[in-house]
Amino acid sequence: MTADVISLLGAIFGPVSCGSPFDCTLDIDKYGILLWFLIMAYMFKALGVICDEYFVPALEGIAEKLGLSPDVAGATLMAAGSSAPEFFTALVATFLIVNEGGVGTIVGSAIFNILIIVGATGILACRERPLKIWWYPLSRDCTFYVIAIAELALFLSDNQILWYEALIMILTYGLYILYMKFNPWIVQRLGITVDGPVLEQAALTQNIDEAENRSPKSAPDVEGRSAEINVATFQESREPEAQRIGQPTPIEDAEADRPPEADRPPEAHVAVVEEQAGESAVENEDDEEKPKTGLAFWLRDPLVIFWELTLPSAEWCYLLFTLSVLWIGVCTYLMVDSTSRMGVILDIPVFVMGLIFLAAGTSIPDALGSIGVAKKGEGDMAVANALGSNVFDILLGLGVPWLISCVIGKEVKFPGAWDSIKYDILVLFLVLAIFLGSLIANKWYLTKYLGMVLLNFYVVFIVWCLLDVYVFKLIHTNSE
């Protein structure tokens, strides 16, 4: 098995060629697989930093300068920030290191988002009581997600992508943005009301945020990717009912009963948090990590230091956006290059390497942000983000690179790939069906036991893929 690609590692160390696991022509590939693994893992970390601390703030600044509404900005620019690693992986796999790794990453990321993000949300946000999920935004995103999966399956069934098929995927996402633009109006016209427990959870979360003198929209950067994308979810869940019945929401009632911020002594903050959330005290802002200076500043990740010294602030949002895109491209290229080389050494098909390793690595930053949101009691938002990211990944993460490739006259073909990809796409449908079926059977309550079930399903999925590669050889096999 060889890797015939535009590989920087291949140009430096020589092309990789292996007959079986670790039976390679180059000694560095026989004994140095740890090096490729460390490069891959380091690029995972680098992507998380560049996306969270530079790319997303740049997108926020652009959205503000363009005057985009929160729902449109969330479905476009903020979604791009959340899914940038997956998107750039698909670009690299389409134009540079050409293989099925991009498709594998998108499919694996979709499975990861539901099973891991939603599963972890259930465990972390439902320890004391189940979490009520509002059926409407979940059903809306599931509908577009099913359409995205169906299009992916239909267009890949002949092992190639045509220009109009890629265009249809992009236009479908445009329809999703249009729906989000008119979503509040649609909710109001249909007379859709919000379940009481959802309102109570939203009120509780907002009261805690106000007691700690912070806004839900101003979460730390690492959590901002999930919170910003879906911040409209709770807004839309509160406003229609208040407008329909002409009465204040529980949030407004709670605010009306509280004295003005300036009139409350510091002890009142602790009392509010204890009363509303059952917590013992408010987190002291003085405990926040202070900026490192002197030797401590230099004894850190050299790449992070380099970015801090060379990249502009978010005020220069367009320049920061451009430089962030370039760095994301570099990190993604090295990540895909090292992962592809590992796949050849381990004799694992590149699609499976994307399905397992690249999917998890590119999704971990987003997962950490969603889990952070869930810990604050906003599990509903974390669940919505998992599905919203999947819609973006499939329709734009694959649609845009494929359309560009077709326009410049480069064919997008995956010879024989459908024979294995179709089973993984079927897994996407099954995972969604299990998740939705469990929620409906539970009357739209997410519990910690359901979260454990979803996490266990992911473990079973990974074990099955590896067993199939090395033992059963039924689905995931290397094409010679």
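The values are calculated or read from the model by the stated rules, or taken from the named source; none is laboratory data. These figures come from a predicted structure and were not determined experimentally. Methodologically, a virtual Cβ is constructed for each residue, glycine included, from the backbone with ideal geometry; neighbour enumeration extends over all protein chains shown. Ligands, DNA and RNA are excluded from the accessible area calculation, which covers all protein heavy atoms including side chains. Shrake-Rupley method; radii C 1.70, N 1.55, O 1.52, S 1.80 Å.
Numbers at a glance
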| quantity | calculated |
| --- | --- |
| Violating pairs (Cα-Cα greater than 27 angstrom) within the set LYS45/LYS132; LYS132/LYS181; LYS45/LYS422; LYS45/LYS292; LYS65/LYS181 | LYS45/LYS132; LYS45/LYS422 |
| Per residue accessible area in Å² of region 92-161, where ligands, DNA and RNA are left out and the probe is 1.4 Å | 28 Å² |
| Accessible surface of region 329-480, 1.4 Å probe, proportion on carbon and sulfur as whole % | 70 percent |
| Whole-number D in µm²/s for region 354-480 (Stokes-Einstein; Kirkwood sum over Cα pairs; 25 °C, 0.890 mPa s) | 143 µm²/s |
| Burial ranking of peptide ranges 422-428, 459-465, 330-336 (average Cβ count within 10 Å, highest at the top) | 330-336, 422-428, 459-465 |
| ³J(HN,Hα), Karplus 6.51/-1.76/1.60, whole Hz, each residue of region 447-458, x for Gly, Pro | 10, 5, 6, 5, x, 5, 4, 5, 4, 5, 4, 5 |
| PHE429, PHE297, PHE472, ranked by accessible area, largest first (probe 1.4 Å) | PHE472, PHE429, PHE297 |
| SER17 long-range amide H proximity, modeled H, under 5 Å | THR25, LEU26 |
| Candidate residues LYS443, LYS473, LYS410: accessible-area rank, largest first, probe 1.4 Å | LYS443, LYS473, LYS410 |
